[in-house]
Each structure stands twice: as structure tokens, then as C-alpha cells.
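Taking it in order: structure first as C-alpha cells, then the write-up.
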Amino acid sequence: MMQKGRLLGLALCCCAMHTSFAQVRYEMLLEKNWKFTKGDVSNAAEQQFNDAAWQTVTVPHDWAIYGPFGQDNDKQNVAITQNGEKAASVKSGRTGGLPFIGTGWYRTHFTVPQFGAGKKVSIIFDGAMSNAVVYVNGQKAGNWAYGYNSFHLDVTKLLLPGKENTLAVRLENQSESSRWYPGAGLYRNVHVVVTDDIHIPVWGTYVTTPVIENGFAKVNLKTQVEIPGNTFKPLVLVTEIRDNKGQVVSKASNNLTTLDQFQFSQDFGVDKPELWSPETPTLYTAVSKLYDGQELKDEYTTTFGIRTIKYEAVKGFSLNGQVRKFKGVCNHHDLGPLGAAINVSALRRQLEILKDMGCDAIRTSHNMPAPELMQLCDELGFMVMAESFDEWKTPKVKHGYSQYFSEWAEKDIVNLVHSNRNHPSVIMWSIGNEVPDQGAPGGNKLAKWLQDICHREDPTRPVTVGMDRIDDAITKNFAAVLDIAGFNYKPHRYAEANSKLPQGFIMGTETASTISSRGVYKFPVEKKQVTADADNQCSSYDLNYCYWSQVPDDEFVKQDDLQYVIGEFVWTGFDYLGEPTPYDEKWPSHSSYFGIVDLAGIPKDRFYLYRSRWNPTQQTLHILPHWTWPGREGQITPVFVYTNYPSAELFVNGKSAGKRTKDTTTNQSRYRLMWNDVVYQPGSLRVVAYDANGKAIAEETVTTAGKPHHVELVPEKKTIKADGKELAFFTAKVVDAKGNLCPDADNLLQFTVKGAGTYRAVANGDAANTELFHLPQMHVFKGMLTVIAQSTEEAGNLTMEVKAAGIKGASATVTTTK
Ligand code: GAL
């Protein structure tokens, strides 16, 4: 659900915040001018505490992303049992090698001119990592243990009317509390919401669409109200349903009755509804006005979509009556070089890259998503499996969520569901990932308990768990309890599992976990379990997997051949900080190799394999590897082509190396075109694709590169918003004199931002690179990197200048507009 005050654009005279103003509901973000320090400070909660010496930061803020990297940061001497390890060994980069452990304090000051008698004030934290304890004017306002969840606190009694208030937040991250980089600090937004004391509470509406048929939809909106002292008042709620052009399409006015228990239930009819889907992400809004007599008490906007979801035996999943399979990816929450600090334009960029791949679904592994991500999934069209936990009662890591489970699990699920249940994008809840309780006595009871909480709070969506212990899950009646049985890495057992389970359909909650480093190719080329090599890199021929995982095509065959498998969620869409398998024990690796797209947001070869299958509206024709192999002359250097076309012919230096057509000989030959015996000579590879009628329809060429000559710098967007938040992403490539990518270049680039922007960060996608993201220089990895600038609040031209050691630099400009 998105809760918005009506923005009348009236600025508030307070330095610390971005503001919006409405007559009866007033909301602001606390963004600028926070004070921050690492370490514990005994009296930092006190109102009079002098924080002048602390660092000034802007929230969202991740205190640990600035490094330095170090193998002693959260070094874990553990056996990763879910990876089949029996003996403990030292894992250096498991959680990213960044200094996120320990305590941090944030303080800010704010005034609330609208506050006074008869008002109510809540503070919403979209996520605070972790163990947040919140103080207002020196008094404890509340606390929340889990760093990924949204929570809100009623601070009305603690505020000083007409005076400056102090908000202090203490956060503490324990060692060995995670299997990946969690981030640190106030990494998501902090909102202040001021209402009348007769009001609609935080997350206080719930929209459902109980009937959608024959060009008609019935929409039901439940709206809670809070009245001081819980005394009944005959309030009136007037709600307009507006379409995406703002036209009112339905309206209702209801009186609260003594039977309503402080909750309105309004029904609406919408004719010819435009149904929400990934391809048509149409949104509606319900704009509600709450009256006490003639007096407007609150105004609340709920954004929603109209769509049906159905899960049924054999047929599987359907959206709006159309059977479809999830073309999904799992993503962790970090944004690579930006760390965990959320940024809307960085999230949007990730989703746009995934959209281009044809991806239509996201699993928010393994925790609650940021509200901004959910809003973007609604708007851009992604179906979301909104997840909650990586652990229940039985631990996976020493200080993980298991320590909180008994006390917090219900509260955490309730907040997940309440804050997200109006999003049309959410098509299921996930209550856990590979929880060891699958095999523990009473595990199925826990599953049922959590699932029942989801059903109680939202009867419209099913619940799943990503299960890895398939035998336990089946024999101990764990999988049977769930609405949807989701399995991680079990394509070879889908048929068996489906035959033993009652649901009649199953899902690949987590698939593939193929590993690769962008631009790295290793020989001989063979399909095999990955090994840890001296170079801390993995081959990009997309044939290497972990002992528990697969290459993409081994999942594709099951998705294609078994109707009752309702889709897959690939591990992962993007590389993330932490979990550098197969180099968990080999510093300096500290970020993953699982991503289809690297940490810099640059697609790896695998991107095109998925795109060729998932994006039916675009042509994909991609050749690998690169063709610059000094020293490999005369050696076998296989060439693969990922394409949506059925066949293609390869020409090596103009000479045909034969035509290949996808066939069912192996899982790989069904989805890739492969020339396994090409002998390398410098020159060119040209591939010509043929359509189903044998007509030449497209071609691509890769040419041997000469020496690095200059930098090519390309902005991803020409225009960005001058709001001080939006980011401009630039791809930098080291190329030869003719513009060919130099695939082994590792030149150091240095950046200067001029004009209407500031330098923000850089990443090159090398999982073993310990250069810091926020410094304005980095070596290219395999010839490439992504550099990021941030707009200021002044419109103008933002210019990124790049200098490079030994070669010609570049510059590029984007326009920033108000
Ligand atoms: C799964 C797990 C993920 C990630 C992945 C790597 O077992 O659920 O979080 O660890 O393996 O392949």
C-alpha cells in the first residue's frame, strides 16, 4: 500500500527535511542533516546531547559501504551446512568484507508546525539495520529487532508542540548474523506523519477485488479509523476510485455504524476495468476523505490494481485468466556500489534491465522489500513473491533471526502483509527460505502458524516457502501444508515431488545458481561443478554450477516439459555483496558470482540466454566469448550463440564454420547454438541468424581488438531529475582505435563530475576487487565499469569526465531538469 499525503508543495521552514503539506494529513521525509557516529555513546539518546562532532549524513544511509574492505570484517569460522559442508572453515567475504558490525547512532532535529492538541504523529521507519531503538526527546519511543521490516511508532505523547524535537536512533549489528551483506544504518526512509487524532492509521486501508468478470470489477475497500478513547462517532467516509488518468470511475459514501468496529467497508463497481499485468501495469487509486460531521478529518490515497490470480492443480498459475509461468529472479536488497541505501533511480535501473531481459517476476530474497521497490514493481509490471525470513527457530548462522523468532515472527509477518497487501504486484507471500525447521520436529506446525497469519491478514494470496530439504519437506508433511510448494534447485525431482504432494503444481523458488564472472572464459570448456581457481574468477561459458545447483538450461527443460511447474526464480538477477561462492574461503572475493547481471549492473553472457527465452518481443543475437586471445592461436576456442532464432551460421574470418539448429540432443543444444571446435585465429566471428523458414534475418560480429586506445563513455539516460537524489549511470569501456572493446584491459580510470551533479560511486563487477566504491577512481574489469553521479537540486548540465592512465579519456553530459 502506498500512503500519500496530498502534495500541495508548501515548503516547511526546517532544514532537516523534505516536506509536503496537506490540510489534514501532513507527511515529511527526514532526509538531510542527520548526525551519525559509529560506536556506542552512553547518553546519545538525550535531547541535550551535543552531536556537533558527529558526521553529517543524508538518510537513506549505509554506514558500512564506505569500507574499507577487510577479510577480518565479520570473518566466520563455520561449516555452511546447507552447502553440504561438514567441517568448519574460515569464510572471509561471506557478508561482503565490509565493516557493518557494531553499534551506530543517528540523531536529527525536526519541528512539526502542524502538531498540537488534537493531533497524532507517527514515525515510520521503512527499515533500520538493525535492532533499532528509537528515542524522541530523550524518551524511548519503541524498538524493532529485524532490520528488514517496516515499522511505525506513535510518538504523539513524546513530541513538543511548536518546538524542536530530537530523534535519536541506536542501531546494532551482531557478528555472524547473516549469510550476505545486510548493510548498516538507516538505509531506508524515515517518515513523519501528522494527522488529526480522528484519522486513518498507518497502513490502514485494504483493497480487494472480489469479482472481476465480463468487463466489470467489484472493488472492496476496508478502511480503519482511530478515534480517541475508542469512543464511537458516526464518521463518514467518502471515497472516489480514479483511473490512471485521474478520472473518477466510481464513488461511495458510507457512515460508520456501531457494528463496524472502527472499520469502514466500501464496495465499488468499476466498468471495463483495465486489468493489471506485467505487460499492462495499470493502476487505480482510491482517494478517501474522512468526515466528522462537516469537518474533514483525514484524506488518504490507496493505490491498487485490478487483477485476478489463481493457482490450481495441473493448470498451475493464471493471471487474469491466462495461464503463465513465472519468469522470475531472486534479488538481494543491496544496490552494489551504493550498498543497502535505497535509491529509487538505482532500483528503477535494475528493474528496467530485468524488463529488457523479459523477466516478469521478483522474489525479494530473503526478506521484506523496500516500499519504493514495491511501488516500482506495481508501476513497471513485475509480479512479486514478497519474502520474510531466512531462519525460523533453528539457526543457520549464530546470531541470525532465530534469536528473535518466538517474540517477533508474528509481528514481522503482520507488518510485511499490512504494508504490502494493496500492491497488485504481490502475487504470493513467502514465509521462509531453506529454513532448517523443514526437518525439525514441529516444523510443519510452524509453517502452518505463519501461513495462517498471512491468511488472516490477507486471505487473497497464497503462501510458499523455498524448500531445499526435499525429502524432509515431503516425508515430514512440511511441503503438504503450504499453499504452494516451492523447491530450490530440484528440477530433477519436480515430477516425484509433484506426485507425492497434494497441491497438483509446484514452483522453482530458487533455480540455476550458475556462476560466472563477466568477460572471463576458461578452457577447456566443459559442463562441470565449479572449482576455486587461482584467479578468483569463474568462467562465463555458463556451464559451471555448484554441487547443489544447475546451469540454466537444465531448469529450462523442466519448465518447458512439465505443465504443473509454475515457473522459476533464478538465483540471482543481480550480483550482490557477500556469498562469493566458490571463493567463500578465498579473500579478496567478497561479492557473488551468481548474478545474471554483475555488481556494476552490466549484463553477463547469461543475460542473453534468458533474454532469448523470456523476451519474445525483442531480437536477441549474442556471441561469446570475445575474440581477442593473444597466445591462443591455433587452439580450440568454442563459440556459443544465444538467440531467439532457431538456427544460425558462424563465419570465422569469413569462412563458414557450419550452421547450427537448436535440437533436443542435450539440454544445452535445445537452448544454445554451440560450435565446440572453433580454432582461434585473430580476426572476426560473424554469426548470421535464420528464422524458422531458413531466411537470414540478423547478424552480429565480434572482432579481435587492438591495443587500448581511448575510453568510450556512454550515459544510460540523457536526462535525469534535478532533485538531488536521481542518479546518472555511465558505462565506461576501454576500446581500441576502432572502438572495439579491449576485453582484457584493466586501466585505472579517474572521474570528475562538473556542473549540476556530484560524484556518487563506481563499480567494475569484479567480485574480488577491493577498490572502494565511493572514491572517484577504479580499474576497469575486463575493459568495463559503471560510474555514477547524482543530480543536485539545481537544473543544468551534469558532466562526467574520465581520465585514463596511458590512453585518451572521455567526457559525457546529461541534462538535469526540474
Ligand atoms: C540457496 C540459498 C540462497 C543462496 C543460494 C546460492 O541455497 O537459499 O540464499 O545461498 O543457495 O546458491
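Throughout, read-outs are computed from the coordinates displayed, never taken from laboratory work. Note that the structure is predicted; figures quoted are calculated from it, not measured. A quick note on method: Cβ atoms are made from the backbone with ideal geometry, for glycine too, and the neighbour counts reach across all protein chains shown.
In terms of packing, defined here as the mean over residues of other Cβ atoms within 10 angstrom, the peptides 50-56, 647-653 line up highest first as 647-653, 50-56.
Note on region 178-239: Kirkwood radius taken over Cα pairs, Stokes-Einstein applied at 20 °C and 1.002 mPa s, translational D equal to 135 µm² s⁻¹. The orientation-averaged projection of the convex hull spanning the C-alpha atoms of region 214-309 amounts to 7.1 square nanometres.
Ordering PHE100, ILE306, GLN681 by Cα displacement along the dipole of the chain toward the positive end leaves GLN681 in first place; charges were set at the Cβ atoms of Lys, Arg (+1) and Asp, Glu (-1). Summarising the label geometry, the points placed 7 Å from Cα in the beta-carbon direction at HIS774 and ARG493 lie 4.5 nm from one another. Label positions at PHE232 and LYS157, each projected 7 Å from the Cα along the C-beta direction, are separated by 2.7 nm. Computed extension gain for THR719 through SER253, at 0.36 nm per residue and net of the alpha carbon distance, reaches 163.4 nm. Residues within the reach of a label modelled at GLU407 (point 7 angstrom out along Cα to beta-carbon, backbone nitrogen below 13 Å), restricted to region 119-158, are 131-133, 143-146.
I need the shape label for region 517-675. Rule: rounded when a/c is under 1.5, else prolate if a/b > b/c, else oblate, with a, b, c from the alpha carbon gyration tensor. Since a/c reaches 1.5 but b/c is at least a/b, the shape of region 517-675 is classed as oblate. Look at the dipole of the chain built from charges on Cβ: of PHE216, ALA534, PHE317, the Cα furthest out on the positive end belongs to PHE216.
If only the Cβ of Lys and Arg carry +1 and only the Cβ of Asp and Glu carry -1, the dipole of the chain around its Cα centre is close to 760 debye. Between the Cα long axis of helix 371-380 and the first principal axis of the chain there is an angle of about 60°, rounded to the nearest 10. Full extension of the chain between GLU699 and LYS738 gives 12.1 nm of extra length, using 0.36 nm per residue less the Cα-Cα distance.
Qualifying GluC sites (Glu not before Pro) in region 278-330, where qualification requires a DSSP coil assignment and no more than 16 other C-beta atoms within 10 Å, comprise GLU279. From the alpha carbon centroid of region 94-162 to that of region 510-532 is 44 Å. Taking R0 as 60 Å, what FRET efficiency do you get between ASN477 and GLN635 from their Cβ-Cβ distance, rounded to the nearest 0.05? Taking R0 as 60 Å, the efficiency between ASN477 and GLN635 is 0.60. Dipole orientation for the chain: of the candidates PHE729, HIS590, LEU713, LEU713 has the Cα lying most toward the positive pole (charges on Cβ; Lys, Arg +1; Asp, Glu -1).
With Cα atoms defining each centre, region 388-427 and region 30-45 are spaced 27 Å apart in the structure.
Among the chymotrypsin sites (Phe, Trp or Tyr not before Pro) in region 523-574, those placed in a DSSP loop whose Cβ has at most 11 other Cβ atoms within 10 Å are TYR547.
Across region 678-818, the convex hull enclosing all Cα atoms gives 156 Å³ per residue. Overall, the anisotropy analysis places region 612-733 in the oblate class: the square-rooted eigenvalues a ≥ b ≥ c of its C-alpha gyration tensor yield a/c not less than 1.5, with a/b not exceeding b/c. Within the P(r) computed for region 412-542, what percentage of the Cα pairs occupies the region above 17 Å? Everything past 17 Å amounts to 64 percent. Here the calculated FRET efficiency for SER89 and ASP746, from their Cβ-Cβ distance with R0 = 25 Å, stands at 0.25, rounded to the nearest 0.05. In terms of Cα to Cα distance under 25 Å, which lysines are near enough to LYS297, apart from those fewer than 8 places away along the same chain? Here the lysines satisfying the reach criterion relative to LYS297 are LYS4, LYS119, LYS120, LYS157, LYS163, LYS222, LYS233, LYS251, LYS289.
Mind checking which lysines have their Cα closer than 21 Å to the Cα of LYS754? Skip sequence neighbours fewer than 8 apart in that chain. Within the straight-line limit of under 21 Å, LYS754 reaches these lysines: LYS717, LYS718, LYS721, LYS725, LYS733, LYS803, LYS808, LYS818. Once the Kirkwood radius over Cα pairs is known for region 12-132, the Stokes-Einstein relation at 4 °C and 1.567 mPa s delivers a diffusion coefficient of 73 µm²/s.
Taking the longest Cα principal axis of the chain as reference, the axis of helix 552-561 is set at about 70 degrees.
Each label point was placed 7 Å from the Cα along the Cα-to-Cβ direction; for SER175 and HIS399 their separation is 0.8 nm. For ASN43 and ASN214, a Förster radius of 41 Å and the Cβ-Cβ distance give a FRET efficiency of 0.05, rounded to the nearest 0.05.
Rounded to the nearest 500, the helix-only mean residue ellipticity at 222 nm of the chain stands at -3500 deg cm²/dmol, with each DSSP H run of n ≥ 4 adding -39,500 (n - 2.57). Size check on region 454-496: the Cα extents along the three principal axes, sorted descending, read 34, 19, 15 Å. If the chain linking LEU562 and ALA532 were pulled fully straight, counting 0.36 nm for each residue of separation and taking away their Cα-Cα distance, it would gain 7.4 nm. Scaled against 2.2 N^0.38 Å for its residue count N, the alpha carbon radius of gyration of the chain is 0.96.
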